[in-house]
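Each reported figure results from applying straightforward, stated rules to the coordinates on display, with no laboratory input. Predicted, not measured: the structure shown is a model, and the values here were computed from it. Here the Cβ positions follow ideal geometry from the backbone for every residue, glycine too, while neighbour counts run over all protein chains shown.
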Amino acid sequence: MYQYANQIIVGILRCMPSERAALLVRLAPDLKSKLVELAKRERRSLSKQVEVLLEESLLRTRDDEGKPASLEASGRKRRKPQGG
């Protein structure tokens with residue numbers, strides 16, 4: 001499981017664009033608190049932690065045919081992790 005998680009993270013980091021877009025999100029206070037705590041444990045900023053969680057969720061999303069959803073629609077190309 002740990003190796004799989006690392007492969008996802010490596011894949012996400014390779015896909016990250018150099019330009020950044022801002023997004024305002026309203027959350028329940030308890031959800032924000034949980035995200036802040038997770039970000040601290042992972043040694044990430046809150047913004048980066050939310051981005052990583054969203055990317056992981058997108059990578060697990062399937063299209064109508066059951067295939068992994070492509071990130072190409074968002075302007076990103078999905079790459080296979082090395083050392084699989």
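Shown in residue order for region 55-62 are the 3J(HN,Hα) couplings computed by the Karplus curve 6.51 cos²θ - 1.76 cosθ + 1.60 at θ = phi - 60°: 4, 4, 5, 5, 5, 8, 6, 10 Hz (x for Gly and Pro). By the count of other C-beta atoms within 10 Å, a proxy for reagent exposure, Arg26, Arg60 are ordered fewest to most as Arg26, Arg60.
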